[in-house]
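The values are calculated or read from the model by the stated rules, or taken from the named source; none is laboratory data. Computed from a predicted model, the values in this text were never measured in an experiment. In this analysis, Cβ positions are derived from the backbone assuming ideal geometry, glycine residues included, and neighbour counts consider all displayed protein chains. Heavy atoms of the whole protein, side chains included, go into the accessibility calculation; ligands, DNA and RNA do not. Shrake-Rupley method; radii C 1.70, N 1.55, O 1.52, S 1.80 Å.
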Amino acid sequence: MSGGDMAKPLLGHRSTEGDPSVTPAAGRTVGVLGSGDFARSLAIRLVCSGFKVVVGSRNPKRKAGLFPSAAEVTFQAEAVKKTDVIFVAVFREHYSTLCDLADVLAGKILVDVSNNTEINHHKESNAEYLASLFPACAVVKGFNVISAWTLQSGARDGNKQVLICSNNQEAKRTVAEIAQVMGFTPVDMGCMSSACEIENIPLRLLPAWKIPIFLALGLFLCFFTYNLIRQVIHPYIREQKNKLYKIPIEVVNTTLPCVAYVMLSLVYLPGVLAACSQLYYGTKYRRFPDWLDQWLQHRKQIGLLSFFCAALHAVYSFCLPMRRSHRYQLIETAVKQALEKKMNIWVEEEVWRMEIYISVGIIALGLLSLLAITSLPSIANSLNWREFSFIQSTLGFIALVISTLHTLTYGWSRAFDENQYKFYLPPTYTLTLLVPCTVILAKVIFSLPCIQQRLLRIRRGWEKGRYVKFVLPRATGEYSSGETSSNV
Ligand code: NAP
């Protein structure tokens, strides 16, 4: 990179000069009705973006001091007269109090910025309600997904998208231009019927995360109970030993990797099921069942939760030697060995097992971190499809294989040791291996040339029972694995 390149800022300020789509908006007078938090932040941002601002308040004298001196604060009717675009920064319940202004508002653009307190709170959206009160105005829904804080701190520090909808195309374009000059990215959501959806957006609580979180919690609960029975209840019933102290750290720390490992395999299982379905029906044009569709769409969140559990497992494992119980046990073992006059306690096999176990664990966590980082939109957007697919599909599968090695080196020969079966329950790690090993086996089978070729042909549009002359691309790297097809 040349010195000149380095001198340029990575994220430069986008100049609007000479851009015909934004120039007309800058410098125009914009009105704001209301003098609350949102109105104040909006006025500051508009002034900073080069607009003339006139604020309409019921009590302008009292509120004027709250606004920048460049903004004019006056009575509502006066403010409305001075501009064609008015942001209505008052709550829906108070819209009717603006009806006296209907005559002066006629023919003007009203921007409805309001939100509700509950999803689908009213039968009609706030914007539609405003439009019904002022039929002579062009109502645009927008800016409600931007908080007063984001408006004040500027578009650099928060959500940049402003979702806009209206039945009036001209009014929508004007508001989009204003948003653009303010540094936001207007997103056209179509006509007014989308207002309800836009108003529900700020009220949604992690909609894409609900199923993955319930899945993770369900798995955690199952594995926690299983480990509790094996590590705490069994010694209490069989040997009258109190091992309750194990619950906060040891039981949790044996549960977390189980959840992380199974969740990681659940990221790749739907792709395997989708491939099976495509192979079975001999087409990619048959719709997957809804549950599989949903599962495919939630893979990112499932993967991130797997990473979260793996990271917690790493921290817990790191802290294990800090526990007092661990120190007592070490001293106890040392005293026992001294009494038994044992000098050499080095077990070569155990040493190697632990070295490999920890090493592969670190590599698996490193790969999971890479997957998590590249799934962030800003990073994912900087990758092309091949790079993204290589990291998420190929490296992700390698992470699953390495996690399997981590689990196997942890378990070692315990599955064949009778004493490890508590109440006839096998060691936990044997259970966790079931789904990941099925996924790995299926992926190996799919990589057999005869099956891989058939899958590739199906994903290129070939269908069983329909004769189409088909030539496969010579560059086999075009599709590197199952997940790279358009719909899987
Ligand atoms: P606020 O601080 O309570 O301000 C509401 C303003 O409405 C008052 O300052 C008042 O200004 C005006 N108003 C007009 N007629 C009124 C009446 N009859 N009774 C009471 N007040 C009346 O609320 P806000 O937080 O600024 O929110 C305003 C709108 O922006 C709401 O629809 C909200 O959903 C939306 N919004 C807010 C945010 C946010 O972060 N705060 C984010 C997105 C959307 P005057 O006394 O000067 O007339």
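Computed over the alpha-carbon pairs of the chain, the distance histogram in 20 Å steps reads 18, 34, 32, 15, 2, 0 percent, short to long. In this structure, the pairs whose alpha-carbon distance is over 26 Å, taken from Lys172/Lys210; Lys52/Lys108; Lys123/Lys172; Lys61/Lys172; Lys52/Lys160, are Lys172/Lys210; Lys61/Lys172. Near Val53, the amide H atoms lying under 5 Å from its own belong to Val30, Glu72; only residues 5 or more places off or on other chains count, and H is placed 1.01 Å from N.
Note on surface exposure: Met263, Met354, Met189 rank Met354, Met189, Met263 by accessible area, highest first, 1.4 Å probe. The distance separating the Cα centre of segment 172-207 from that of segment 314-355 comes to 60 Å. Heavy-atom accessible area for Tyr226, with the other protein chains in place and a 1.4 Å probe, reaches approximately 40 Å². Straight-line reach from Lys422: which lysines have a Cα under 19 Å away, not including same-chain ones fewer than 8 places off? In chain and number order, the partners are Lys241, Lys243, Lys246. Pairs of C-alpha atoms in segment 380-422 farther apart than 13 Å represent 66 percent of all such pairs.
Considering all alpha-carbon pairs of segment 29-203, what whole percent are spaced by more than 24 angstrom?
Tail fraction, whole percent: 28.
Take Val252: with every protein chain present and a 1.4 Å probe, its accessible area is about 20 Å². Net charge in the neighbourhood of Ile119 (other residues with Cβ under 9 Å of its Cβ; Lys, Arg +1, Asp, Glu -1) is -1. Near Val162, the amide H atoms lying under 5 Å from its own belong to Thr185, Val187; only residues 5 or more places off or on other chains count, and H is placed 1.01 Å from N. Restricting attention to the chain, close to 10% of DSSP beta bridges with both partner residues there are antiparallel. Using every pair of distinct Cα positions in segment 209-460, the Kirkwood expression returns a hydrodynamic radius of 20.5 angstrom. Using a 1.4 angstrom probe and counting only protein chains, how large is the accessible area of Cys437 in Å², to 10? Spelled out: Cys437, probe radius 1.4 Å, area about 60 Å². Between helix 324-339 and the chain there is an angle of about 10 degrees, using the helix long axis and the longest principal axis of the Cα atoms.
3J(HN,Hα) along segment 93-105, derived from phi through the Karplus expression 6.51 cos²θ - 1.76 cosθ + 1.60 where θ = phi - 60°, amounts to 4, 9, 4, 5, 6, 8, 4, 4, 8, 3, 5, 5, 7 Hz, with x in place of Gly and Pro. For segment 109-197, the set of GluC sites (Glu not before Pro) satisfying both a DSSP loop assignment and a count of at most 16 other C-beta atoms within 10 Å is given as Glu118, Glu124. Stretched out straight at 0.36 nm per residue, the stretch from Ser317 to Cys276 would grow longer than its current Cα-Cα span by 11.0 nm. Peptide packing for 55-66, 234-245, 130-141, 337-348 was compared via the average number of neighbouring C-beta atoms within 10 Å per residue; ordered from the highest value, the list is 130-141, 55-66, 234-245, 337-348. Axis angle, to the nearest 10 degrees, between helix 396-411 and the longest C-alpha principal axis of the chain: 40 degrees. Using the Karplus relation 6.51 cos²θ - 1.76 cosθ + 1.60 with θ = phi - 60°, the per-residue 3J(HN,Hα) values for segment 199-206 come to 6, 7, 4, x, 9, 6, 10, 6 Hz, with x marking Gly and Pro. If R0 is 45 Å, the Cβ-Cβ spacing of Leu395 and Leu339 corresponds to a FRET efficiency of close to 0.30.
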